[in-house]
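Student: Take a look at this one; I'll ask things after.
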Amino acid sequence: MKIDFLRHGETLAGTGFNGITDVDLTDKGWQQMQRAVEAGSHDLVITSPLQRCRRFAEDYARRQQLECISDTKLMEMDFGEWEARTPQQLLEEQPQQLKNFWRNPERHGAPGGEPLGVMAQRVQQAVQEIAQGNTRHCLVVSHQGVIALALLQVLGAASASLRQLRIDHGSLSRIEIYAEPESKPSVVFVNHV
């Protein structure tokens, strides 16, 4: 089974901690996603319910005559008090807290936000549920943090390595999961634009 992870495209909110903030795509963001799936041969689409993912996923599924499922486990991290704030703002107001978060997000989460360990568990559960399904080639439309965590889990790497994976807007990353129980999943490619 193949799982393609498509990160949403550029959003109207620009850069910042827009985890659960429900912002829409720019025209460029829509085009980024469209280019990424031009040669798609998927048989199921699963999406984050946030509109920057969901609207494109539903449109793609409709055009390809596929089922589209929304799954809250595929939402980006809830950044709590940092939601809709930029790193520049936080560097001015809470520089040490932000630096601690960047150095070790497992120990130093965003104030009032979702702990990284909790997010990692829900991402792992989402991928396991997809792997147990009957699909052969699934498109998952989601967010940078979700995709990076899924890839790190396949690689057996620590969740704290999250910032070491570059996942651009509108990029595709793929994992393969094999039917043989002794086989481990593999990362096929990352950040293909």
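Student: Taking into account only those residues within the range 169-186 that are crowded, with 16+ Cβ neighbours inside 10 Å and either not in a loop (DSSP other than H, G, I, E, B) or not β-branched (Val, Ile, Thr) (or both), which is modelled with the lowest pLDDT?
Tutor: Across the range 169-186, the extreme among qualifying residues is Pro185.
Student: Here's a follow-up. Quick one: how many residues across the range 54-73 are over 20 Å from Gly145 (Cβ atoms), of a type outside the set (D, E, K, R) and part of a helix (DSSP H, G or I)?
Tutor: Of the residues in the range 54-73, 3 are over 20 Å from Gly145 (Cβ atoms), of a type outside the set (D, E, K, R) and part of a helix (DSSP H, G or I).
Student: Next up: Condition check: surrounded by 15 or more Cβ atoms within 10 Å (Cβ to Cβ) and either in contact with a strand residue (DSSP E or B) (Cβ under 7 Å, 6 or more places away or on another chain) or hydroxyl-bearing (Ser, Thr, Tyr) (or both). Does Leu6 satisfy that?
Tutor: Yes: the conditions hold for Leu6.
Student: Given the structure, is Ala158 modelled with pLDDT under 95 and of a type outside the set (S, T, N, Q)?
Tutor: In short, yes.
Student: Let me ask something else. Does Glu129 satisfy the criteria of being on the phi < 0 side of the Ramachandran plot, surrounded by fewer than 17 Cβ atoms within 10 Å (Cβ to Cβ), of a type in the set (D, E, K, R) and out of contact with any Lys or Arg (no Cβ under 6 Å at 6 or more places or on another chain)?
Tutor: In short, yes.
Student: Which residue out of Phe101, Phe79 is closer than 20 Å to Ile167 by Cβ and at pLDDT below 95?
Tutor: Phe101
Student: Among the residues of the range 33-56, count how many are more than 22 Å from Ala84 (Cα to Cα), in contact with a His (Cβ under 9 Å, 6 or more places away or on another chain) and at pLDDT 95 or above.
Tutor: 5
Student: Restricting attention to the range 16-32, and to residues there that are over 30 Å from Arg136 (Cβ atoms) and buried (at least 17 other Cβ atoms within 10 Å of the Cβ), which single residue is modelled with the lowest pLDDT?
Tutor: Gly16
Student: How about the range 1-53: which of its residues are in contact with a Phe, Trp or Tyr (Cβ under 9 Å, 6 or more places away or on another chain), in a loop (DSSP other than H, G, I, E, B) and of a type in the set (Val, Ile, Thr)?
Tutor: Passing the criteria: Ile20, Thr21, Val37.
Student: For residues that are farther than 15 Å from Thr72 by Cβ and in a loop (DSSP other than H, G, I, E, B), tally how many sit in the range 99-151.
Tutor: Selection size over the range 99-151: 16.
Student: Is it the case that some residue within the range 88-99 is farther than 30 Å from Gly40 by Cβ, in contact with a Gly (Cβ under 7 Å, 6 or more places away or on another chain), of a type outside the set (A, V, I, L, M) and surrounded by 15 or more Cβ atoms within 10 Å (Cβ to Cβ)?
Tutor: no
Student: For a quick check of your reading of the model, give me the residue pairs whose first member lies in the range 40-60 and is farther than 16 Å from Ala126 by Cα and acidic (Asp, Glu), whose second is modelled with pLDDT under 95 and buried (at least 17 other Cβ atoms within 10 Å of the Cβ), with beta-carbon atoms closer than 6 Å and at least 6 apart or on different chains.
Tutor: Asp43/Thr135
The values are calculated or read from the model by the stated rules, or taken from the named source; none is laboratory data. These figures come from a predicted structure and were not determined experimentally. Here Cβ is always computed from backbone atoms with ideal geometry, including for glycine, and neighbour counts include all displayed protein chains.
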